[in-house]
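Below is one structure, written out as structure tokens, with a few remarks after it.
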Amino acid sequence: MGWTFCIVFFLFVSACGCWPLPDPEPLMHGEVQSPQYPQPYPPNLQEQWDLSVPEGYRIRITFTHMDIEASAGCYYDSLTVLYDGKVMGKFCGSENSADGHHPGNQPILSPSNRLTLIFQTDNNNPERHQNVGFSAHYQALDIDECSAPGDASGPLCSQICLNTLGSYICSCHHGYELRSDQRSCVLSCAGGIFDEPEGSLHSPGYPNSPPHAVSCQYIISVELGFTVSLNFSDNFHIESVDTQQGLSCLNHWLQVTVPNSDPIKLCGVKSPDLMVTNSNTVQLDYHTDDEGLSNGWSLDYSTHRVQCPFPGNVAEGRVTPILNEYLYRDYIFVRCAQGYKLMMEGQEMASFSTMCQSNGQWHLPLPECHIFDCGEPEPLLNGGVTFLSGFQNQYRSVVQYHCNEPFYSILGAVNVSFTCESDRKWRSNNDVVVRPTCIPVCGKPTQHLIEHQRIVGGNTAPKDTIPWQVLLSIDGGRGGGMVIADRWIMTAAHVVVKDGITALNDTVRVYMGLNDAQTIVDSPVNAASVHIHPDYNNPQNVDYNNDIALLKLQDPITFDPSVMPICLPAQDATYVTGMMGLVSGFGVTVTDNVRFLNNKLNYVHVPLVDQGKCTESITSYKKKRINVPSLTNNMVCAGVPEGGKDSCQGDSGGPYALPDHGRYWAAGIVSWGAGCGVKGSYGVYTRVANYLDWITKTMQEN
């Protein structure tokens, strides 16, 4: 019902003039909520909503939330949905309640453009402080009148019904036009375009002659990529004239025109049967005059996808799918064999597909499959790689790592080969997944000592015979040391400690690969850190217990014939009395009882001495001199009782090496002695085997 708007005039009498306002246009959508939503709804309530949308639409209502007291049959509180007084649904409860009837997520559709909602509550709701009611959205949905049955007078449209928003319209097939009643069709011959993939055509009035002359045009135009075929029925009749040259389509004809081809005129009583046009567009022109007789023609047209050429093959690849023919919109894929990659115009492709286009050509040419490579194998420090098979790191190539012998060997002494696998990674032939490691070969010089010489009064060591020997220069002083790893030098603690103060890193200079100190041409290697055994304490030079130190170099050494490490003692190393050991150094030599500092690397073989005999020697020496150090279990003695073979000043920190199956191991460090080569005395060396744990820990932590 519309509203009434009144204006009241006050003169001597009151008068009221009222004009009805037009009804507002129904809404296309809206929202309905229970009173006080989202707060709990009140008791003793009855609320009604009369919803409407424009004619030609129906209402779809969707509940976004419902929480109404649940009861069997929604007896107490409920929301009722009605159409024209008929109940479409009565709801209560919540989505998870066992009782009640919840609409769920499905919308409710009205048959027409009206819908009524009634919400009622009683006065005894134990959960009235919890139930919040409902919230719903509604919207107008177009009614498809064309799918609905017609009324008593027949269907809505005699030929074609087209649904529109809120209504519908009628249309006619080609050759017909709509009557004034906008529902029924009458014979006509207007132009038209047929774009469906299949269809039927016939001349006006077919299979009878039209009542008057016609001139009709029909155009079949389907999307690119399809070709049209015309299949004429057997009942074909277009007036023709027989001439000496044959059948002539003089006054009546059906002309078929295909782009880029000459038109074809058809007449007579013989059906053309099937015509394949190889085009997506065909024009049909039908002409008759007012004389003569032509019953006409009918045809069914169909479309077929354009065909593309067979794609061919790809070397080391596979084209799929394999079909007897390839048609418009067909896709083919190319996958390379294992170990090969897709390549096009010099670029690698993750995948490849190409489509048959509407012009009968593939939109991309086929790619190529190139064998892939794994790239250069990772370089091996102090080693290299040898190709066993394959070419340029390609798939299935096999390489083997090797170390730079005889200075390095493979850890574990296992030769491991690596193959370029399908994941483009080098993978080993066993459980090894990383490249091997080259470890230094220790204690095996490339040149060997031929005869036993002496240090005190001895001869020069031949080149490369004692490659672990190191010359240390510390604040002008000289000492010895030995290489034990690519960044570590072992020496005596007293060489790098003076008056209880450890030498600074930059004052420690390390020379390696020498057998003549006067021929130094290379710059020394500097120490990065100096590590003194924590229990070394010798401020008065009378306690040489724990006389051991390690120097870490700033840069690693690459070993060669002149610089190689000496082996550290084995865990079960033993010191056997009488075993001959090798002592070397650049220290003091004695000639004709005259001492002088020697620049040549000298060496001597001296045997291990029984610990008790060495102790007796030192005890005897203490009777002649004071401040003579004591022998401990961390020391070992070597020498001969007649003297003449010994280490001396300047040799301190150097190696005392024992042979074991062709290798030399660091049994001792030149530490101290009672004189140099004195009869009845021996050289004392730090027993290295006692310090294996400290050496390992220091090297690992630094």
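Number of residues in the range 224-272 that are of a type in the set (G, A, S) and either closer than 14 Å to H202 by Cα or more than 60 Å from the chain's Cα centre (by Cα) (or both) equals 6.
Which one is surrounded by the most Cβ atoms within 10 Å (Cβ to Cβ), of the residues in the range 379-395 that are assigned to a strand (DSSP E or B) and in contact (Cβ under 8 Å) with a residue 24 or more places away in the chain? Top of the filtered list is G383.
Counted as qualifying within the range 185-269 are no strands (runs of 3 or more DSSP E), as none has 1 or more residues that are in contact with a Leu (Cβ under 6 Å, 6 or more places away or on another chain), surrounded by fewer than 16 Cβ atoms within 10 Å (Cβ to Cβ) and among the small types (G, A, S). Hey, could you check the range 514-530 for residues that are under 47 Å from the mean Cα position of the chain (by Cα) and of a type outside the set (A, V, I, L, M, F, W, C) and say which is modelled with the lowest pLDDT? Once the filter is applied, the top-ranked residue is N526. The single condition among (1) surrounded by fewer than 16 Cβ atoms within 10 Å (Cβ to Cβ); (2) modelled with pLDDT of 90 or more; (3) of a type in the set (G, A, S) that A72 does not satisfy is (2). Being of a type in the set (S, T, Y) and modelled with pLDDT under 85 is a description that does not apply to S203.
The residue that is surrounded by the most Cβ atoms within 10 Å (Cβ to Cβ), counting only those in the range 398-427 that are touching a Pro at 6+ places or on another chain (Cβ under 9 Å) and among the polar types (S, T, N, Q), is S409. Every listed requirement among (1) touching a residue at least 12 places away in the same chain (Cβ under 8 Å); (2) part of a loop (DSSP other than H, G, I, E, B); (3) over 52 Å from the mean Cα position of the chain (by Cα) is met by T574 save one, (1). Of all the residues in the range 336-371, those that are of a type in the set (D, E, K, R) and within 20 Å of the chain's Cα centre (by Cα) number 2. Test F372 against the criterion of being aromatic (F, W, Y) and modelled with pLDDT under 90, and give yes or no. Considered against the rule, which asks whether it is aromatic (F, W, Y) and modelled with pLDDT under 90, F372 comes out as no. Going residue by residue through the range 513-536, is there one that turns out to be aromatic (F, W, Y) and under 17 Å from I557 (Cβ atoms)? Looking through the range 513-536, none of the residues is aromatic (F, W, Y) and under 17 Å from I557 (Cβ atoms). Residues being within 24 Å of L45 (Cβ to Cβ) and either among the small types (G, A, S) or out of contact with any Lys or Arg (no Cβ under 8 Å at 6 or more places or on another chain) (or both) are entirely absent from the range 143-165. Given the condition surrounded by 17 or more Cβ atoms within 10 Å (Cβ to Cβ) and assigned to a helix (DSSP H, G or I), answer yes or no: does some residue in the range 481-493 qualify? Among the residues of the range 481-493, at least one is surrounded by 17 or more Cβ atoms within 10 Å (Cβ to Cβ) and assigned to a helix (DSSP H, G or I), which makes the answer yes.
Tallying residues that are assigned to a strand (DSSP E or B) and not hydrophobic (A, V, I, L, M, F, W, C) within the range 272-288 yields 5. Considering the range 619-639, and only residues there that are of a type in the set (V, I, T) and closer than 16 Å to G668 by Cβ, the residue that is surrounded by the fewest Cβ atoms within 10 Å (Cβ to Cβ) turns out to be T632.
Being surrounded by 16 or more Cβ atoms within 10 Å (Cβ to Cβ) and either acidic (D, E) or not in a strand (DSSP E or B) (or both) is true for just one of G375, G360. Which residue is that? None of the others qualify; the one that does is G360. Is it true that Y326 is at pLDDT 95 or above, hydroxyl-bearing (S, T, Y), surrounded by 13 or more Cβ atoms within 10 Å (Cβ to Cβ) and out of contact with any Ser or Thr (no Cβ under 7 Å at 6 or more places or on another chain)? So Y326 fits the description; yes.
Do we have D50 as in a loop (DSSP other than H, G, I, E, B), of a type in the set (D, E, K, R) and either modelled with pLDDT under 90 or in contact with a strand residue (DSSP E or B) (Cβ under 6 Å, 6 or more places away or on another chain) (or both) here? No; evaluated as a whole, the condition is false for this residue. Counting only strands (runs of 3 or more DSSP E) that sit completely within the range 396-448, those holding 1 or more residues that are small (G, A, S) and out of contact with any Phe, Trp or Tyr (no Cβ under 7 Å at 6 or more places or on another chain) correspond to 408-410, 417-420. Note on the range 326-361: residues that are at positive phi and in contact (Cβ under 8 Å) with a residue 40 or more places away in the chain total 3.
The values are calculated or read from the model by the stated rules, or taken from the named source; none is laboratory data. Please read these numbers as outputs of a predicted model, since none were measured by experiment. With ideal geometry, Cβ positions are generated from the backbone for all residues, glycine too; neighbour counts draw on all protein chains shown.
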